Amino acid sequence: MSEVRLTTSSFLVLGIIDKLGEASPYDVKVEAARTVAPFWSVPHAQVYAQCDRLLKAGLLSEARQEGGRNRRLMRLTEEGTAALRGWLADPSFVPVEARERGILKLWFGASPGVHAPVQTEEHRRTLEEYEGLAAEVGDLLTRGQREALEFGIRYERMMVDFWRWVGDREPPEGEADRVDRADGADQR
């Protein structure tokens with residue numbers, strides 16, 4: 001087995017294949033989009049690249065499906081299972097990287113009055129979807145899956161609250177002028 005640096009995306013692929021028992025890279029991509037995408041997205045091309053890396057490193061084995069499209073079906077090897085179990089047992093803290101485009105726009109001077117209503121509505125809509133999912137299938141989820149869904153619910157509640165707060169705040173004196181100048185509308 002060659003030495004390979006495992007990333008979170010590596011463990012995402014290992015975890016999904018472990019849950020499915022065996023999977024093609026396409027199956028991994030579909031399952032990631034269906035399950036973990038709301039809190040951990042991975043580009044489709046990266047799924048295929050990770051499968052190839054993990055196969056080369058000896059963490060996955062591959063068999064070709066007989067007939068049809070001759071799909072590649074992958075399973076975790078003993079080394080892959082050990083790597084996944086070790087990662088799951090590791091309690092190390094990694095700081096969260098929040099990638100909220102609306103927050104970045106605020107930082108650079110976007111109008112809160114323009115963005116807050118849209119962001120509030122979109123986060124409210126997502127919150128309703130997550131709460132509906134919890135009501136529909138919450139009892140069918142594993143404890144970890146239910147806790148991940150609860151994270152999504154609490155996150156969306158916080159974002160709705162945050163954007164309402166942004167929208168309800170009075171702009172500081174002169175803020176509108178600064179935003180206009182940044183847009184090039186006022187060159188005093």
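Values of log10 I(q)/I(0) for region 44-147 across q = 0.17, 0.23 Å⁻¹ run -1.06, -1.15, by the Debye formula with one identical scatterer at each alpha carbon and no solvent. Look at the dipole of the chain built from charges on Cβ: of Gly102, Leu127, Val137, the Cα furthest out on the positive end belongs to Val137. Who wins for biggest fluctuation among Trp40, Trp163, Trp107 in a Gaussian network model of the chain, springs between alpha carbons below 10 Å? So, out of Trp40, Trp163, Trp107, the one fluctuating most is Trp107. Converting phi to 3J(HN,Hα) with the Karplus coefficients 6.51, -1.76 and 1.60 and the offset θ = phi - 60°, region 119-132 yields 5, 4, 5, 5, 5, 5, 4, 5, 4, 4, 4, 5, 5, x Hz in sequence order, with x at every glycine or proline.
With contacts taken as Cα pairs under 8 Å at a separation of at least 6 residues, region 4-96 carries a relative contact order of 33 percent. Semi-axes of the equivalent ellipsoid for the chain, computed as √(5λ) from the eigenvalues of its C-alpha gyration tensor and ordered from largest down, come to 42, 20, 16 Å.
Determine the share of region 1-132's accessible area contributed by carbon and sulfur atoms, expressed in whole percent, with a 1.4 angstrom probe. C and S atoms contribute 56 percent here. Considering only Leu133, Leu59, Leu73, the Gaussian network model of the chain with Cα springs below 10 Å gives its largest mean-square fluctuation to Leu133. If only the Cβ of Lys and Arg carry +1 and only the Cβ of Asp and Glu carry -1, the dipole of region 77-143 around its Cα centre is close to 340 debye. Rounded to the nearest 20, the Cβ-based charge dipole of the chain about its Cα centre (Lys and Arg +1, Asp and Glu -1) stands at 700 debye. Comparing Arg101, Arg154, Arg85 in a Gaussian network model of the chain where C-alpha atoms under 10 Å apart are linked, the largest mean-square fluctuation is found at Arg101.
Backbone phi angles across region 137-151, fed through the Karplus curve with coefficients 6.51, -1.76 and 1.60 (θ = phi - 60°), yield HN-Hα couplings of 10, x, 6, 8, 7, 5, 4, x, 5, 5, 5, 5, 5, 4, 4 Hz in residue order; Gly and Pro are listed as x.
When the alpha-carbon atoms of region 103-154 are used, the pair Rg, Dmax equals 15.0, 44 angstrom. Note: relative contact order over the chain, using C-alpha pairs below 8 Å and six or more positions apart, is 18 percent.
Could you quote the convex hull projected area for region 1-60, Cα atoms only and averaged over all directions, in nm²? Over all viewing directions, region 1-60 projects a mean Cα-hull area of 3.6 nm². Counting only lysines at least 8 places from Lys19 when in the same chain, those with an alpha carbon closer than 20 Å to its own are Lys29. Heavy atoms of the protein chains alone define the surface here; on that basis the chain has 69 Å² accessible area per residue at 1.4 Å probe size. Sorting Asp90, Asp27 by accessible area puts them as Asp90, Asp27; the probe is 1.4 Å, largest comes first, and only protein heavy atoms count. Farthest towards the positive end of the charge dipole of the chain, among the residues Ala23, Phe39, Trp165, is the Cα of Ala23, using unit charges on the Cβ of Lys, Arg, Asp and Glu. Mean separation of Cα pairs under 8 Å and 6+ residues apart, divided by the residue count of region 42-132: what relative contact order is that in percent? Over region 42-132, the number comes to 15 percent. Computed over the chain, the per-residue total of -39500 (n - 2.57) for DSSP H runs of n ≥ 4 gives a 222 nm mean residue ellipticity of -20500 deg cm²/dmol, rounded to 500.
The values are calculated or read from the model by the stated rules, or taken from the named source; none is laboratory data. No experiment lies behind these values; they were computed from the predicted model shown. Using ideal geometry, Cβ is built from the backbone for each residue, glycine included, and neighbour counts are taken over all protein chains shown. In case anyone asks, the SASA skips ligands and DNA or RNA and just uses the protein heavy atoms, side chains included. Shrake-Rupley method; radii C 1.70, N 1.55, O 1.52, S 1.80 Å.
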